1. Got the relative contact order for the chain handy, in percent, Cα pairs under 8 Å and 6 or more residues apart?
2. Leaving ligands and nucleic acids out of the surface, order Ser157, Ser92 by accessible area at 1.4 Å, largest first.
3. Counting only protein heavy atoms, what percent of the accessible surface of region 21-227 is carbon or sulfur at a 1.4 Å probe?
4. Of the beta bridges DSSP finds with both residues in region 21-227, what % are antiparallel, to the nearest 5?
5. Can you tell me how region 21-227 classifies by the Cα gyration tensor, rounded, prolate or oblate, using a/c under 1.5 as the rounded cut?
6. Per residue, how large is the accessible surface of the chain? Use a 1.4 angstrom probe and give square angstrom.
7. Quote to one decimal, in nm, the extra length available between Asp266 and Asp297 on full extension: 0.36 nm per residue of separation minus the C-alpha distance between them.
8. Can you pull out the trypsin sites (Lys or Arg not before Pro) in region 48-143 that DSSP calls coil and that have at most 15 other Cβ atoms within 10 Å?
Amino acid sequence: MTQTVIHSKGLRGTVSVPGDKSISHRALLFAALAEGDCEITGLSNAADPKSTMECLRAIGVDIVERDGSVTVRGKGLRGLSAPSSVLDAGNSGTTIRLLAGILSGQRFASEITGDASLRSRPMKRIIEPLSKMGANIRGTQTFHAPLTIQAVSKLRSISYEMPVASAQVKSAILLAGLYAEGKTIVVEKLPSRDHTERMLGLDVSNNSGERIVAVEGGMKIVPRAFVVPGDISAAAFFIAAGLLVPTTEVVIKNVGLNPTRTAVLDIFKQMGGKVEITNKRIVAGEPLGDVAVRSSDLHTGFELRGERVAALIDEIPILAVTAAFSKGVFAVREAKDLRAKESDRIKTIVTNLRAMELEVEEYEDGFAFVGRENLRGASVESYHDHRIAMAFAIAGLRATGETKIQNAECADISFPGFWDELKKL
Ligand code: S3P
């Protein structure tokens, strides 16, 4: 499907975003391992969490979907059963990596794979630590999916220093740690999102700038209710739209404001964005609020590196688009992991911005450009990457003329209804 976005003279209204994708995956997975029924409200209805749901059903977990809530009949750590066919994680890195952590500790064998994009994403980052824990997990010769996992009776606990900032890798190790003898420890130099440790109530400490997360093998997961806040990474597209389009006022309701995810708001503010948080509250241990945005005169003049890139990893496409229409230099460096996302996001961002006639420098670990007030509407590719499709839809609101987004349906991976919400405004 091709979507056409035209230059907008003003947007007004209220937007709802789906439940947070990271929290939705985890609510489903942790509920499946709980010692009884868990109710989840606000679960994302996007394709990625659906992949997690279907994989869980395939290993014997009953999940009942009702209007507005989902009940997961938790099986406890040892109640899962062998799948009768290959598990399909679709496009979802979180599904394959977190589930691989759980499957690695099972007394049954399994195989898990995904679509062409997922099969090209690096899996060595989980195969290595999980193998150290005694898991019998293999990928292809180049360490890609499909992953085959053999039965084991128990895993070994490890202390693991994270070589890349990745919440998926951290979570895979911690989940495998539930099946290990003793205490499994993950040490992060660059912090990544903390939903796993928050939702499982794990011990977290800080030692000379390093974050240390520990999980006790055999820890029982007590059944509970999960409330999923709105996805700030989805909200970011509409926040950017609000800032970029003149004579605009937009409110995004019920946005999750977990401190490991809000760096994007700080950057928008640093760019001169008029962003205001109202109705701030805590629901089920996660902070949330409404985000009100008004058109702003934006400037950049900074570079994102290392720790800041890790904190903004899913927002780089929309930040790049926002910066492209702002005054000043904008650079993203030390961000090579962007090449290992749903698309090679360094290449796809650079190619699409160039198609809109911005001069962009590409580096192995990032890109740089000087923003301009106006870019030209163009035909751009989503590269089947949901965040690229949505970021360039927002670019189309501000660019001159018409912007066509090819293969735009991939927005459904994290944000079904994105195109309708955009039209509504
Ligand atoms: C996620 C972690 C991040 C992020 C992804 C979701 C998670 O990936 O890009 O969209 O839910 O743990 P990495 O762990 O690979 O950085």
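1. Taking the mean separation of contacting Cα pairs over the length of the chain, I get 18 percent.
2. My answer, sorted largest first, is Ser157, Ser92.
3. Looking at region 21-227 in its full context, I get 48 percent from C and S.
4. DSSP beta bridges in region 21-227 are roughly 70 percent antiparallel.
5. Since a/c stays below 1.5, the shape of region 21-227 is classed as rounded.
6. 37
7. Gain on extension, Asp266 to Asp297, equals 9.6 nm.
8. Arg78, Arg107
The values are calculated or read from the model by the stated rules, or taken from the named source; none is laboratory data. Remember, predicted model here, so these are calculated numbers, not experimental data. Cβ sites come from the backbone with ideal geometry, for glycine too, and all protein chains shown count toward neighbours. Note: areas computed on protein heavy atoms with side chains; ligands, DNA, RNA excluded. Shrake-Rupley method; radii C 1.70, N 1.55, O 1.52, S 1.80 Å.
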